[in-house]
Amino acid sequence: MELLAILLIGGAAGWLGSVIFKGSGMGLLGNIVIGIIGSVVGYWLLGKLHISLGSGVVGAILTGAVGAIVILFLLNLIFKGKGSGV
């Protein structure tokens, strides 16, 4: 049951991050992966800044979305620069 919750929260966080970032959608699996990794990044980053976005499911989704935005921003920096030098 926890795995299902992780997948749902990760998917929602990844989707929300991609909507806010205005990037191209990564599909369901991509959103789940970005959301789960984004949750780890978000909890670490917001913990370092002593910021809490709440508890429960909503807090987890918002924290994951913040982390997903950071990851999407970094991915955009890395892959956008590779195709524009030829």
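Kindly indicate the residue of segment 27-62 that is in a loop (DSSP other than H, G, I, E, B) and polar (S, T, N, Q) and also nearest to Ala12 (Cα to Cα) among those meeting that condition. Step by step, filter segment 27-62, then rank; the result is Ser55. Set side by side, the residues Ser55, Ser39 differ, and just one is in contact with a helix residue (DSSP H, G or I) (Cβ under 8 Å, 6 or more places away or on another chain) and among the small types (Gly, Ala, Ser), which is Ser39. Name the residues in segment 77-86 that are aliphatic (A, V, I, L, M) and either assigned to a helix (DSSP H, G or I) or at pLDDT 85 or above (or both), would you? Listed by number, the residues that qualify are Leu77, Ile78.
Annotation note: of Leu49, Leu74, Leu45, Leu29, the sole residue that is at pLDDT below 85 and surrounded by fewer than 16 Cβ atoms within 10 Å (Cβ to Cβ) is Leu29. Within segment 1-26, can you find the residues that are in contact with a helix residue (DSSP H, G or I) (Cβ under 7 Å, 6 or more places away or on another chain), surrounded by fewer than 17 Cβ atoms within 10 Å (Cβ to Cβ) and assigned to a loop (DSSP other than H, G, I, E, B)? Gly23, Gly25, listed by residue number.
The values are calculated or read from the model by the stated rules, or taken from the named source; none is laboratory data. What you see is a predicted model, and the numbers here were worked out from it, not measured in a lab. Because the Cβ atoms are built from the backbone with ideal geometry, glycine has one as well, and the counts that use them run over all protein chains shown.
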